[in-house]
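Below is one structure, written out as structure tokens; comments come after it.
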Amino acid sequence: NIVYSLSYENQNYNTAKFLTDEQKVANMIAPYVAYFDAGTINLKREQYKEAEESFHDALKNNPPKEILCQIYVNLSLSIEKQGDKLVDDRNYEEALVMYNSAQSVLYENNCANKNDPEESKDKKAHSADTRISNKRSQTVAYMNYIEQSSGGDTEDGEGSAPD
């Protein structure tokens, strides 16, 4: 684990990934750790689907209650980043599905509380919830703009997207 930590801190993510794969076999006391570490590395490597899978595996391996929100926040981030990629690819409807999924993960274990932010267990979860809400709103606004502009509302069909 020390070598993993040093590799990660030095941004040697390939070595860190290799070490987390080895931890999966060796770590019987806290098996969630290897999956959590693998997910974190995959986030840094921008392999968001793989990160999502690793965080799901971490949750399946009995993490302690005090680490649950950290796993949920990272799981949400991995899904959110997939949504961002869909926005970049102009696949807005699927991006909205991903953003909704990312947000719902944050509500697990009351890490974020959509009805009463003061009741959220985790500040990072609440912050992520707000960030994703803003991205979802921007995506909807952009979809509405595209729909309106394709209807010929402007002389040349051109215009600028909403902020």
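The values are calculated or read from the model by the stated rules, or taken from the named source; none is laboratory data. Fair warning: this is a prediction, and the values are worked out from it, not measured in the lab. All Cβ positions, glycine included, derive from the backbone under ideal geometry; neighbour counts span all protein chains shown. In case anyone asks, the SASA skips ligands and DNA or RNA and just uses the protein heavy atoms, side chains included. Shrake-Rupley method; radii C 1.70, N 1.55, O 1.52, S 1.80 Å.
For region 33-95, with all protein chains in place and a probe radius of 1.4 Å, 41% of the accessible heavy-atom surface sits on carbon or sulfur.
Here His56 sits with roughly 70 square angstrom of accessible surface, probe radius 1.4 Å. Specify which residue in the list Gln70, Tyr99, Ala51 is farthest towards the positive end of the charge dipole of region 48-99, using unit charges on the beta carbon of Lys, Arg (+1) and Asp, Glu (-1), about the Cα centre. The one lying farthest along the dipole's positive direction is Gln70. Between Lys44 and Ser127, residue separation times 0.36 nm minus the direct Cα-Cα distance comes to 27.9 nm. Shape call for region 38-79 from the C-alpha gyration tensor, a ≥ b ≥ c root eigenvalues: rounded (a/c under 1.5), prolate (a/b greater than b/c) or oblate? It comes out prolate by the Cα gyration axes.
Taking the Cβ-Cβ separation of Asn100 and Glu9 as r and a Förster radius of 41 Å, what is the calculated FRET efficiency to the nearest 0.05? Efficiency, rounded to the nearest 0.05: 0.75. Backbone geometry of region 51-68 corresponds, through the Karplus equation with coefficients 6.51, -1.76 and 1.60 at θ = phi - 60°, to 3J(HN,Hα) couplings of 4, 4, 4, 5, 5, 4, 5, 4, 5, 6, 10, 6, x, x, 4, 6, 9, 4 Hz, x marking Gly and Pro. Each residue was assigned an accessible area with a 1.4 Å probe, and for Asp129 the value is about 20 Å². I'd like the FRET efficiency for Asn110 and Ala141, computed as 1/(1 + (r/R0)^6) with the beta carbon distance as r and R0 of 30 Å, rounded to 0.05. After rounding, the FRET efficiency stands at 0.50.
In this structure, the residue pairs whose Cα-Cα separation is over 28 Å, taken from Lys17/Lys114; Lys17/Lys135; Lys17/Lys65; Lys65/Lys85, are Lys17/Lys114; Lys17/Lys135; Lys65/Lys85. With a cut-off of 12 Å between beta carbons, the residues surrounding Asn110 carry a summed charge of -3, where Lys and Arg count +1 and Asp and Glu -1.
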